[in-house]
Amino acid sequence: MQKKENQEVENRPDNTAFTQQRLPAWQPILSAGIVIPLFVLVGLAFIGIGVALFVTSRNLHVLEMDYTGVEKTSPCFSCSDPIKQKNCKCSLSFELDKLFEGPVFFYYGLTNYFQNQRAYGVSKDYNQLSGDLDYFTFFFSIVPDSTCKPYRYDVNNKPIVPCGSLANSMFNDTFNLYQMKNGVKEEVPLDGKGISWWTDYNIKYRNPSVNPLRNAFNGTVKPLYWSKPAYELDPTDTANNGFINQDFLVWMRRSALPNFRKLYRRITDGLPAGNYSLEISYNYPVIAFDGKKKVAFSNVSWMGGKNEFLGIAYLVIGSLCLVMSVVMLIIYHWRNSSPDAN
Amino acid sequence: MPWMSPLARIRDALAGQRARDKDLRNLVSNLPYEGLDKWKQPNRHFRNNGIKTTKYSVLFFIPMNLFEQFHRLANLYFVGLAILNFVPVVQAFEPEVALIPICVILALTAIKDAWEDFRRYKSDKKLNRLPCFVYSSKEKCFVEKRWKDVRVGDFVKVESNDIVPADLLLLYTSDPNGVCHIETANLDGETNLKQRRAVPGVCITVSNTDILLIIHAVIRTGCLGFSHPDLVLKQHLVYLKGGCTVRNTGYAVGFVVYAGHETKAMLNNNGPRYKRSRLERRLNIDVIFCILLLFTMCIIGSLGHYLWLESMPSVPLYLVPQTDGHLDTPSLSSFYKFFSMIILLQVLIPISLYVSIELVKIGQIYFITNDLDLYDEETDATIQCKALNITEDLGQIQYIFSDKTGTLTENKMVFRRCSIMGREYPHKENECVRRALKMYIYKIKILMFTKSLPPNQQETEVILDQKLLRQIRGTEKIDAYQDFFLALAICNTVVVSMATAKRLRSNPLDTLSSLVRRAGSWTRLRAPITSETSANDLTTQGQSVNQTGGQTCSLHVPPQGTAPAVPAGKLCYEAESPDEAALVHTAKAYGFVLMSRTPDSVTVQLPSGAQLRFEVLDTLSFDSNRKRMSVLVRHPISKQCILYTKGADYAIMELLETPYGEKQQKAIASDTQQHLDCYAKEGLRTLCIAKKVLCDGEYESWAVQRQHALAAMDNREQLIMDSAVQIETNLCLLGATGVEDRLQDSVPDTVMTLREAGIQVWVLTGDKPETAVNIGYACRLLEQDDLVINMSCKSKVRSLISNSQRKFPLYPEVRRYSEDPRNVDTTPDISLVIDGRTLTMLMSPDLRDRFVDLARHCRSVLCCRVTPLQKSEVVKLIREKLKVMTLAVGDGANDVNMIQAADIGVGISGQEGMQAVMASDFAISRFKHLKKLLLVHGHWCYSRLANMIIYFFYKNAANVNLLFWYQFFCGFTANAMIDHWLMIFFNLLFTSVPPIMFGIMDKDVSAEMLLGLPELYRTGQGKGEYSFFTFWISMLDAFYQSLVAFFIPYFTYRGSDIDIYAFGTPLNTISLFTILLHLSIEIKAWTIVHVFIILGSVTLYFIVTLAYGVRYLNYSGYWTLQAQMVDPMFYLVCLISTVIALLPRYLFHVLKNSITCSPIVEARHLDTLEPSTRDQWIKEWRSFRGRVQDKTSDVSASPPSELKPTQSSSELNIRLGLVLFCHI
């Protein structure tokens, strides 16, 4: 019945809220009256966060030392040209007048080092690094991956493992920290476990399941700049070799910015006040790109290392919001009263 | 198929090509060749009737579609970039990743195209499968075949109400006179019946089909010959066009002349028109800016890379040399980097913008077509959007050019008054009856609570003038009165059909017919009105209609008094124009009933009951040059040869016989002229009726000439017209008629509103100035206190004016008048009335500029007596000189030019067929729909699309700039800190839907406000929201936000051990939040859909990124977001960066909403009020404004004089309105 009557109205559009654009809508109008409370709230919250951040950051200590050796006064000046000086060692001494609370993170830092450029970043073979033996050998210029060029084969056409520019340029300075106790050097224990990402160590990077590890590397050569092959990176700990060597993993995680630091070791118990000497085996060349090498000791909190910027930013924006709310209030008053004034 | 040499095949194919191309067609009947192989068929060269409108075939869809798509420059650009990425030295992404966006875009477009093509394929198939009857010589009868099997040279039988399958030569019909009635609604929407005649002399019947065998037709453009009876015929009379419907005829047999794609209907079928909107044109300029910006950024990158390389003392470890171990020179390397940068930053040129705009427009059109307010119940028609890509132009209209008849008015003619032999018969009774009827219908409507009765159809009923009735009754001899009515009955092209022959409406091609109302259906409604109205009305309407009046206009008088016993009531008149129908109905009401019409004769029943059969000697049809039509008949009794002429008054008055001395005739002419002027003042359409008696000799000699003209090959039209002009002289005036064309529903309100919206309304009509001015007042185009400048000139003074130095003295005066500070407020609005001849002069090159200048200062312009060509010229002139957006609205074939010339053409599907609708971009059914279409949908579409596009540019820039800033820290090596897949997803998945939804659904102001405050429409006019300024502001904002989104994390993580993707993750997240929250600030009205989509986008981002971080081991950002999400710093960085990035825009909006008093902002404030309060406010404000408008002239403070009067007052109004609002 309905159908028959609708014969002539078959083109009639549906009368629904959606088709008639009558869906219930909330129409917020951003005007002074509404935003004042919002600004006050945001301002107060930001100041709160800012204070927390600032105070936390203030409580953190950082000790940063440059050991590039560009200046003649620098103890590492003699080592700064590593081509002349093989296996050069130098030592840096410093004094702590109060306890450096633990855990203290021990970083090495590089400046002007562009780990983040594209050609450098792609210069690796993922399959190799995940322990796939098929990618260790020469296979008709397909293996290892061509992205490793020119660090793919050595002059004898033997495949380089791990191949690529990224692995090749691995940082190879090593550090030993001694505390001077009554003229006696006492080595501070450095903890090198768990300094890389858990996923890198446990999932992403894998050694080939060959025992002993060195057999897997038969027929391959170590990267050109390396002094030791991958399976001998850590002579003290056999588990810390190959592609899951912690220092290697830390290096392979490319830094975002050209001035960066990378975690070297952890000092769990902290550093008591006193005189220290840091012995550096100076290998890594940085003069070629005007770079600097640093070491840094820092303790960390929930917000990471010492950084006052974020706290200040929160404080500034928080206060700005409060100021804004006052301005808004004035505007609101002015607008409300102006029609009456006329 | 027997073997044919390839050479023969080629020869055959060439011959076929020639045969098709020739305008002379040699056709032979297929019957003798039936059953022969295909290559022996004589008509094998001609196409068969199968049609194929699809663009692609299944096999070649992909290559063909790709080829089509690559015609777009933008697509080529992106494919070029993708290919560039495969070149190792300039590579910026993994090459496969770069292919994804372009593939997605191409695939989306291909799917859309495939779907459209599939729909075409389905409709083709449906058409090709329709059944029809083709004669088969084997079976000796008509056998059923499918349309696609019909071939040229076949004989096809078409039964009543069937559609003609191909272009046919009509050979035989079941009608004894050889007449076939057809309806061409499917072709042009005209529902009136047209007559076609079987080719005379080829009298075939179904039983005697031998003659079919020897038919050999030669078709030439314009005329047609037969080998057998050697005849030359006027083609259009014997031609059945494919696609039209046979009506009122048992069946018809025709010979297929053109089939399939060669039929006239297919040849006329042009594809959809492509218009480019103004916004899109401006958008393209901004795309060019984006390209420049991109190049600048790439050059900076390339230069930076050069400097970076140069600054190095020697080769560091991290620089990766080529395979052979050496490094490229810095200059070469930086040259490569330029291209890498283009690839990296390509998103700056919004690849998906064009696709998004198309999607948004589809959504907008969906909402427009689904609007109930634009739906007309009477005709069951919604608005049709034919142009899909100019919706936003609707929001920028500055000038509307409207037709009058059928657009502003109903185009349902009602006979009102007449003047016969100088005596006026005012038909006063009409008035009160109409009022009574109106009330009655209104009541029925309320009672039935539905659409039901179309209110105007009954008004074809004519209420007789008693005086005139007595006058006719009193005389039996043939006098002028009888002549007058005979002329009304005879001098037309009305076709009589039986109302009982109900037409079938359910044919498959009938997409248009639902829009067109049947003209003659009034008869159905007659019974209830005559019986019920009298009873109902006179009792309930006692007060308003006085008793005596009620009696005189009693409804049963006329039918009973005059109706003869014959079934005249069943007659149904199908007229080409409503005027004709009205006149024939009038004649019928006075007893002169048009009983039937064939091409040869007209039968009229006289009041006495006698039937007269007039032999029609010739019909001189109407044309717009002559502005009249004539029918030449032989009177059955007196055997006199009589010419009845009907036409526009000035066209007839010039041709009147000037009898010397006979004062009476002169008096009649002058009296009639007086009456005509009076009618015109009332807004009636006037026609003059005249007659002429020819002596036989005169006729004979003229007929010979006429035959020559008809048979002429060259210049035929002109000759035919000349012959008509030749005989239409020395006419004897019988009288004149006044026919009313009522205004459509709420036209004055619509015109007023449109004008308040800052749109200038021009009316261009073919009517007399008096009529037009009257309608102008009626529809509030002109106001009583307007200063109306009437510009008209007689043809004689033409040379005088154009030669004189003071060619056009008006404009400076007007300007002086309006610029005089004392007059700024007191000046009444100026309106201009121009007639066609004057317009021709004004359009001449030397006067053009002054005319445009004057017209610009006029509030409304009325052009009368303009031709269709002039209409389009006026539109073009204004459009080009003033650089404004124009809209033309019309309903008839005479408006087609104008509709096509304007930026937007709107067709009204009314009484006059479908040509206007076919040519239009939007087809509406009522003029009043224009109000909501422009004020609401136009405004919304424009503001939505403008904001969406600006947002789109901003979004891409904000996102891509992050990459650009990063280049400063990675040696300009075109590296990204965000994974490439996530970068691609960012644009394709995470941020693509919200802007589209924003473009389809956002509502800055509610429909009620937009309709209540038409002034809001002005925001879209001229530059509107999308301007150079807004574009650059948003680009600056994008730069600012990207700076914040980059450098806050930068300073936070500077010097730390953060790795590259862990650094990119907060950047990407900040960018997402900034972009989405930016949109949230811009969204004016939140519905559940908005919330769902915005939240959905954020969720999708996290789900995809997290899933991606887990799934892909070799992904460099493996587990990155997971690691970041357990770090509180991540949230703190994201929070503060997002807040800082959005603060300026947020503040800007707050301040804009608080300090400035832009109408839109105020309207939005009002929108938040309760609907009842809001309506109350609008009402109060409207009445307040009315008072203010009166007052402003007295107060006359000191409004800025550089503003145009209309503008200043409206702005003042808004201010005052605000004051009022603030007081509430």
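Odds and ends about this structure:
- B:C132 passes every criterion in (1) free of Cβ contacts under 8 Å to residues at least 40 places away in the same chain; (2) surrounded by 17 or more Cβ atoms within 10 Å (Cβ to Cβ); (3) not in a strand (DSSP E or B) apart from (3).
- Residue within the range B:1025-1046 that is in contact with an Asp or Glu (Cβ under 9 Å, 6 or more places away or on another chain), more than 30 Å from B:V1139 (Cβ to Cβ) and surrounded by 23 or more Cβ atoms within 10 Å (Cβ to Cβ) present: no
- Any hit, the range B:41-52, residues being among the β-branched types (V, I, T), open to solvent by less than 70 Å² (accessible area, probe 1.4 Å) and either in contact with a helix residue (DSSP H, G or I) (Cβ under 7 Å, 6 or more places away or on another chain) or at pLDDT below 80 (or both): yes
- Only one entry of A:T111, A:T73 meets the criterion of being within 12 Å of another protein chain (Cβ to nearest Cβ) and open to solvent by 10 Å² or more (accessible area, probe 1.4 Å), and that entry is A:T111.
- Residue match in the range B:739-750 (condition: open to solvent by less than 10 Å² (accessible area, probe 1.4 Å) and within 30 Å of B:G422 (Cα to Cα)): yes
Condition check ((1) open to solvent by less than 20 Å² (accessible area, probe 1.4 Å); (2) more than 14 Å from chain B (Cβ to nearest Cβ); (3) aromatic (F, W, Y)) across all residues:
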residue	(1), (2), (3)
A:C79	yes, yes, no
A:S91	no, yes, no
A:E95	no, yes, no
A:V122	no, no, no
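- Being open to solvent by 30 Å² or more (accessible area, probe 1.4 Å) and among the basic types (K, R) holds for only one residue in B:R706, B:R685, and it is B:R685.
- Residues that are within 20 Å of B:T1052 (Cβ to Cβ) and surrounded by fewer than 16 Cβ atoms within 10 Å (Cβ to Cβ) within the range A:310-335 comprise A:I312, A:V316, A:S319, listed in sequence order.
- Residue count for the range B:1086-1096, restricted to those that are at the interface with chain A (Cβ under 9 Å from one of its Cβ atoms) and surrounded by 17 or more Cβ atoms within 10 Å (Cβ to Cβ): 3
- A Cβ distance below 6 Å, combined with a sequence gap of six or more or placement on separate chains, defines the contacts here; from the range A:300-312, residues that are closer than 14 Å to A:F100 by Cβ and at the interface with chain B (Cβ under 7 Å from one of its Cβ atoms) reach residues that are in a loop (DSSP other than H, G, I, E, B) and of a type outside the set (D, E) in the pairs A:G305/B:S1056.
- Scanning the range A:125-137 for residues that are in contact (Cβ under 8 Å) with a residue 24 or more places away in the chain, more than 10 Å from chain B (Cβ to nearest Cβ) and open to solvent by 10 Å² or more (accessible area, probe 1.4 Å) yields a count of 4.
- Test: residue in the range A:244-265 that is farther than 30 Å from A:H61 by Cα and crowded, with 17+ Cβ neighbours inside 10 Å: yes
- Selected residue (only one of B:A82, B:A98, B:A110 is under 25 Å from B:K52 (Cα atoms) and part of a helix (DSSP H, G or I)): B:A110
- Any hit, the range B:634-647, residues being open to solvent by less than 30 Å² (accessible area, probe 1.4 Å), aromatic (F, W, Y) and in contact with a Ser or Thr (Cβ under 8 Å, 6 or more places away or on another chain): yes
- Cross-chain or 6+ apart pairs with Cβ under 7 Å, the range B:111-128 first and touching a residue at least 24 places away in the same chain (Cβ under 8 Å), then open to solvent by 70 Å² or more (accessible area, probe 1.4 Å) and assigned to a helix (DSSP H, G or I): B:N128/B:K148
- Pair list, Cβ under 8 Å, 6 or more apart: the range A:261-287 residue part of a helix (DSSP H, G or I), other residue crowded, with 17+ Cβ neighbours inside 10 Å and small (G, A, S): A:I287/A:S80
- Scanning the range A:18-53 for residues that are under 30 Å from A:G109 (Cβ atoms) and more than 12 Å from chain B (Cβ to nearest Cβ) yields a count of 1.
- So B:S1056, is it closer than 20 Å to B:R1145 by Cβ and either among the small types (G, A, S) or under 27 Å from the mean Cα position of the chain (by Cα) (or both): no
- Test: A:S57 is within 26 Å of the chain's Cα centre (by Cα) and assigned to a helix (DSSP H, G or I): yes
- Residue in the range B:278-312 that is farthest from the other protein chains (Cβ to nearest Cβ), counting only those that are under 18 Å from B:A74 (Cβ atoms), open to solvent by 70 Å² or more (accessible area, probe 1.4 Å) and not β-branched (V, I, T): B:R281
- Residues (within 11 Å of chain A (Cβ to nearest Cβ), part of a helix (DSSP H, G or I) and either within 17 Å of B:F986 (Cβ to Cβ) or in contact with a strand residue (DSSP E or B) (Cβ under 9 Å, 6 or more places away or on another chain) (or both)) located in the range B:1054-1085: B:I1060, B:Y1061, B:F1063, B:G1064, B:T1065, B:P1066, B:L1067, B:S1080
- Spans of helices (runs of 4 or more DSSP H) in the range B:1097-1185 with at least 2 residues within 12 Å of chain A (Cβ to nearest Cβ) and among the aromatic types (F, W, Y): B:1128-1154
- Single match in B:W981, B:W965, B:W940 (criterion: surrounded by fewer than 23 Cβ atoms within 10 Å (Cβ to Cβ) and over 19 Å from B:A1045 (Cα atoms)): B:W981
- For the range B:313-327, residues that are open to solvent by 40 Å² or more (accessible area, probe 1.4 Å) and either facing another protein chain (nearest Cβ under 7 Å) or free of Cβ contacts under 8 Å to residues at least 12 places away in the same chain (or both) total 8.
- Out of A:D290, A:D237, A:D269, sole residue that is open to solvent by 20 Å² or more (accessible area, probe 1.4 Å), among the acidic types (D, E) and within 13 Å of another protein chain (Cβ to nearest Cβ): A:D290
The values are calculated or read from the model by the stated rules, or taken from the named source; none is laboratory data. Treat the numbers as computed from the prediction; the structure is a model and nothing was measured. All Cβ positions, glycine included, derive from the backbone under ideal geometry; neighbour counts span all protein chains shown. SASA here: full protein model, heavy atoms, side chains in, ligands and nucleic acids out. Shrake-Rupley method; radii C 1.70, N 1.55, O 1.52, S 1.80 Å.
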